[in-house]
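Structure, as structure tokens:
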Amino acid sequence: MSAHNPRQSRVLSGMRPTGRLHLGHYHGVLKNWLRLQQEYECYFFVADWHALTTAYEEREIISRNVWDMVIDWLACGVNPKLATVFIQSRVPEHAELHLLLSMVAPLGWLERVPTYKDQQENLREKDLLTYGFLGYPVLQAADILMYKATAIPVGEDQVSHVELTRELARRFNYMFGREPGFEEKAEEAVRKMGKKNAKLYANLRKRYQEQGDHEALEVARALLEGQQNITLGDRERLFGYLDGSGRNILPEPEALLTPASRMPGLDGRKMSKSYGNTIGLREDPDAVERKVRTMPTDPARVRRSDPGEPTKCPVWDLHKVYSDERTQDWVMDGCRSAGIGCIDCKKPVIDAVQAELAPIRQRGEEFEADPDAVRRIVAEGCESARSDARETMDEVRTAVGLEYR
Ligand code: TRP
Ligand code: SF4
């Protein structure tokens, strides 16, 4: 299925509740979500179980972080009318699907996920030799497959998780998608498309199966995507019937690669909580101003009369994010000729950050003052996610042979 047909595409993304969000999250993730929610059906969720895979000793922190993070999302403009916002652990079906997928997840696949070894090395102070940590990409696969999401916005570092999800889906479909009477059910579904489309489908399928015509396969898939009158189950049968793989119970998602944003922090390194170089999304204006004012600059500029070099200065990195060409030229010339001081130079950055944060802070305060509204939004999102999850799990249980009558 194409990830590029907005009508048929479902986007899903999760974030660990690791604390209050900062400008790095805003530029790296949230601005992208805001764009996606306009174009696609979106699911955004708090990955609280994922947080437990590495932060299982920080119970109180997680619960506070969950609400802070949801408020940050809403303050930035995540719109519950456009996107389903929910908390992973409130949809316990994720745990069930994780368990069932884990039955068919080869250990070798999990040990080969690059983040497995990387994170163990990066987080040496924690004991990550746990079952939960090894299995967390399976949990992530369950998150994605539960909603039959087709497009997963991820950075480079998470592409391997989407790849593993695809492999698990394929394996699952192959093992359990061969329901009894598949052919008959598929043929019945073909007829439901109406005479003309049924004939077209049959022709395209024949062309693909007999002559290996890939174009025919693509056309047939597009035909299926455009069908309004058939159920989701039938649609998946017909997808599987095309290439002979059996029913596509859990469709394979695609990674929607998010351009890496390297939002610079206050010290020139990437903005990150662990470096202590962040500007929080709801930090008060005085603190924001103070933080930028005290930022280090080009160390060669000891005195106001010493010329400097912007490319050696973290403030310049922020000008690259926030300033137009004219201002950037002014910085370049003024710094190199000692025509401006560092305080002058920081002023436009401070103004730009304040302008960006003002509406976020304002909306954040409104949500903070009305926790019931926030709880309601999340409760509704969880309810709606759960109803999708129940549907998927009914199909999954039947496929696996757990629907006892
Ligand atoms: N693993 C992601 C992270 O650590 C969070 C996450 C969990 C996620 N499930 C997901 C992201 C599903 C995308 C899709 O940040
Ligand atoms: Fe950095 Fe601007 Fe000072 Fe130059 S003038 S050192 S770019 S803060």
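Coordinate-derived values only; no laboratory data. Here the structure is a predicted model, which means the values were calculated and not measured. FYI the Cβ positions are ideal-geometry reconstructions off the backbone, even for glycines, and counts take in every protein chain you see.
Observations on the structure shown:
- Alpha-carbon centroids, the range 61-124 and the range 127-151: separation in whole Å: 7 Å
- Degrees separating the helix 232-243 axis from the principal Cα axis of the chain, which is the longest one: 80 degrees
- For the range 266-325 and the range 350-405, distance of Cα centres in Å: 34 Å
- Every Cα-Cα pair of the chain was included, and the share exceeding 30 Å stands at 51 percent.
- Acute angle (nearest 10 degrees) that the helix 195-211 long axis makes with the longest principal axis of the chain, alpha-carbon atoms: 80 degrees
- What the Cα convex hull of the range 297-405 gives, in volume per residue, is 196 Å³.
- Per-pair calculated FRET efficiency, R0 = 45 Å: Leu107 and Lys196 via Cβ, rounded to 0.05: 0.35
- For the chain, the longest principal axis of the alpha carbon atoms and the long axis of helix 214-225 meet at an angle near 80°.
- Report note on the peptides 124-137, 255-268: ranked by the mean count of other C-beta atoms within 10 Å, highest first, their order is 255-268, 124-137.
- Using only side-chain charges placed at the Cβ, +1 for Lys and Arg and -1 for Asp and Glu, the dipole size of the chain relative to its Cα centre rounds to 460 debye.
- Using the average count of surrounding beta-carbon atoms within 10 Å as a protection proxy, the listed peptides 363-373, 314-324, 59-69 rank, highest first, as 314-324, 59-69, 363-373.
- Extension reserve of the Ser63-Asp127 stretch, reckoned as 0.36 nm per residue once the Cα distance is removed: 20.9 nm
- Cα centre as origin, Lys/Arg/Asp/Glu Cβ charges: the range 282-368 dipole, Debye: 380 debye
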